Amino acid sequence: MTKKIAVLPGDGIGPEIVAQAVKVLDVLKADGLDIVMEEGAIGGAGYDAAGDPLPEATLKLARESDAVLLGAVGGPQYDKLDRPLRPERGLLRIRKELNLFANLRPALLYPELAEASSLKPEVVSGLDIMIVRELTGDVYFGQPRGIEVRATADGKTERVGFNTMIYAESEVRRVARVAFDIAMKRGKKLCSVEKANVLECSELWREVVLEVAKDYPEVELSHMYVDNAAMQLVKWPKQFDVIVTGNIFGDILSDQASMLSGSIGMLPSASLDEHNKGMYEPIHGSAPDIAGQDKANPLATILSVAMMLRYSFGDEANAQRVENAVKAVLAQGIRTVDIATAGCQIVSCSAMGDAVVAAMCG
Ligand code: NAD
């Protein structure tokens with residue numbers, strides 16, 4: 001069955017990096033991958049085209065597609081718009097509208113780039129962790145929330161800010177399943193991160209993860225408190241294979257883990273719904289400081305295509321073909337400026353795309 005991909009370049013370097021990922025998809029298509037691609041506007045580009053950071057036509061396209069490939073959104077020219085019209089709102093809305101509850105963020109360090117990390121090369125070289133972060137629940141969405149004036153014990157008043165940390169067991173179960181499924185495709189090790197020693201919400205999280213574990217006897221499950229996980233991630237990150245955690249803990253830990261690799265232009269991400277339909281995007285933003293100069297690193301976006309092939313299309317062979325091409329290019333010493341090391345060959349964004357295509361076809 002033909003798979004439809006919604007291609008949403010967005011703003012800043014978005015169109016430049018997405019063009020390189022489309023080159024890769026074109027090669028796969030020419031070699032038999034049954035896909036069609038259709039472009040839509042999102043973010044500032046959506047606002048410019050239709051007065052909305054998520055135009056109706058783009059949402060319709062995303063809904064009827066099997067996967068979405070996104071560049072990045074945002075730019076200083078949009079910073080003064082009313083909040084609902086800002087580019088980032090388009091991104092938040094599309095994630096919510098498509099019910100993308102599982103956010104997959106690999107922290108991966110190619111040995112060739114080990115010097116780019118702030119940690120010692122032997123600690124991070126060859127690092128390959130997958131963090132599965134729940135994306136649509138937790139303290140970010142829990143009710144009640146707000147800031148209000150309350151009475152104090154001594155008869156005065158003061159302002160109080162509050163949010164609610166809440167997870168329904170169905171929410172935990174579905175993201176745990178995604179994480180166990182991914183662990184099965186990788187090293188069969190899953191670490192569930194929470195704070196069950198203090199929080200009831202985490203206590204339930206742990207109970208549900210243990211229930212789901214019964215369906216995955218091959219996966220070695222461990223539990224870790226979030227404070228310890230933060231420590232272990234910088235102490236010996238290679239002890240982890242797959243980590244599953246809630247929205248707020250995952251927000252912090254996935255940023256921490258991704259920075260172990262020291263190169264923002266290298267890291268892809270996926271956000272999946274219940275049926276493995278997903279949105280795939282680099283973790284970085286629209287980099288307005290280098291937009292239009294053909295010097296952005298397109299590898300995070302190209303690696304997002306590999307994730308799309310693996311997680312939405314179940315096409316492991318083509319996923320590996322793309323990832324192996326990226327590895328080959330790095331091994332040849334070809335670099336965009338953000339990952340440049342001594343003695344390497346510095347190339348433009350489009351030349352990096354061409355190099356990956358050449359490695360795929362070589
Ligand atoms: P950013 O990720 O865009 O840039 C941070 C730094 O990293 C910049 O120096 C940039 O040049 C560099 N960089 C980022 N991607 C790169 C790449 N592929 N190759 C080489 N260098 C790269 O973050 P920011 O500067 O904080 O934000 C810029 C805009 O992007 C803002 O409008 C922000 O809201 C938006 N943003 C969007 C997303 C998204 O679309 N998912 C994520 C984060 C930020």
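Scanning region 338-362 for residues that are at pLDDT below 95, within 16 Å of the ligand (Cβ to nearest atom) and not polar (S, T, N, Q) yields a count of 4. What residue, of LEU69, LEU91, is within 21 Å of the chain's Cα centre (by Cα), aliphatic (A, V, I, L, M) and assigned to a helix (DSSP H, G or I)? Of LEU69, LEU91, the one residue that is within 21 Å of the chain's Cα centre (by Cα), aliphatic (A, V, I, L, M) and assigned to a helix (DSSP H, G or I) is LEU91. Residues in region 83-115 that are acidic (Asp, Glu) and under 23 Å from ALA306 (Cα atoms): GLU112 only.
When the helices (runs of 4 or more DSSP H) confined to region 144-235 are screened for residues that are surrounded by 12 or more Cβ atoms within 10 Å (Cβ to Cβ) and under 20 Å from the mean Cα position of the chain (by Cα), those reaching at least 3 such residues are found at 169-185, 226-235.
The residues on offer are ASP227, ASP273, and the sole one that is acidic (Asp, Glu) and under 26 Å from LEU98 (Cα atoms) is ASP273.
Of all residues in region 113-136, those that are surrounded by 18 or more Cβ atoms within 10 Å (Cβ to Cβ) and under 24 Å from GLY343 (Cβ atoms) total 7.
Yes or no, residue by residue, for (1) modelled with pLDDT of 95 or more; (2) away from the ligand (no atom under 15 Å from the Cβ); (3) at negative phi; (4) among the β-branched types (Val, Ile, Thr):
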residue: ILE5; (1), (2), (3), (4): yes, yes, yes, yes
residue: GLY10; (1), (2), (3), (4): yes, no, no, no
residue: PRO15; (1), (2), (3), (4): yes, no, yes, no
residue: LYS23; (1), (2), (3), (4): yes, yes, yes, no
residue: LEU28; (1), (2), (3), (4): yes, yes, yes, no
residue: LEU33; (1), (2), (3), (4): yes, yes, yes, no
residue: GLU38; (1), (2), (3), (4): yes, yes, yes, no
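Here ASP315 meets each of (1) acidic (Asp, Glu); (2) within 12 Å of the ligand (Cβ to nearest atom); (3) touching a Leu at 6+ places or on another chain (Cβ under 8 Å) with one exception, condition (2).
In region 248-267, the residue that is farthest from TYR167 (Cα to Cα) out of those that are away from the ligand (no atom under 12 Å from the Cβ) and not aliphatic (A, V, I, L, M) is SER261.
Taken over region 254-267, residues that are out of contact with any strand residue (DSSP E or B) (no Cβ under 6 Å at 6 or more places or on another chain) and either farther than 17 Å from VAL124 by Cβ or not small (Gly, Ala, Ser) (or both) amount to 6. In region 65-80, the residues that are over 14 Å from MET307 (Cβ atoms) reach residues that are within 12 Å of the ligand (Cβ to nearest atom) and among the basic types (Lys, Arg) with C-beta atoms within less than 7 angstrom, at least six apart or across chains, in these pairs: TYR78/ARG86.
Just one of the listed residues (PHE180, PHE162) is of a type in the set (Phe, Trp, Tyr) and either touching a residue at least 40 places away in the same chain (Cβ under 8 Å) or under 30 Å from ARG310 (Cβ atoms) (or both), and it is PHE180. LEU91 meets each of the listed conditions (1) buried (at least 21 other Cβ atoms within 10 Å of the Cβ); (2) touching a helix residue (DSSP H, G or I) at 6+ places or on another chain (Cβ under 8 Å) apart from (2). Taking VAL326, is it over 27 Å from GLU88 (Cβ atoms) and within 16 Å of the ligand (Cβ to nearest atom)? Answer is yes for this residue. Could we say that ASP52 is more than 16 Å from the ligand (Cβ to nearest atom), buried (at least 19 other Cβ atoms within 10 Å of the Cβ), farther than 22 Å from ARG186 by Cα and at pLDDT 95 or above here? Criteria met by ASP52.
LYS295 meets all of the listed conditions (1) more than 15 Å from the ligand (Cβ to nearest atom); (2) surrounded by fewer than 22 Cβ atoms within 10 Å (Cβ to Cβ); (3) of a type outside the set (Gly, Ala, Ser) but one, namely (1).
The values are calculated or read from the model by the stated rules, or taken from the named source; none is laboratory data. For clarity, every value in this text was computed on a predicted model and none was experimentally measured. When we count neighbours, we look across all protein chains shown, and the Cβ atoms used for this are built from the backbone with ideal geometry, even at glycine.
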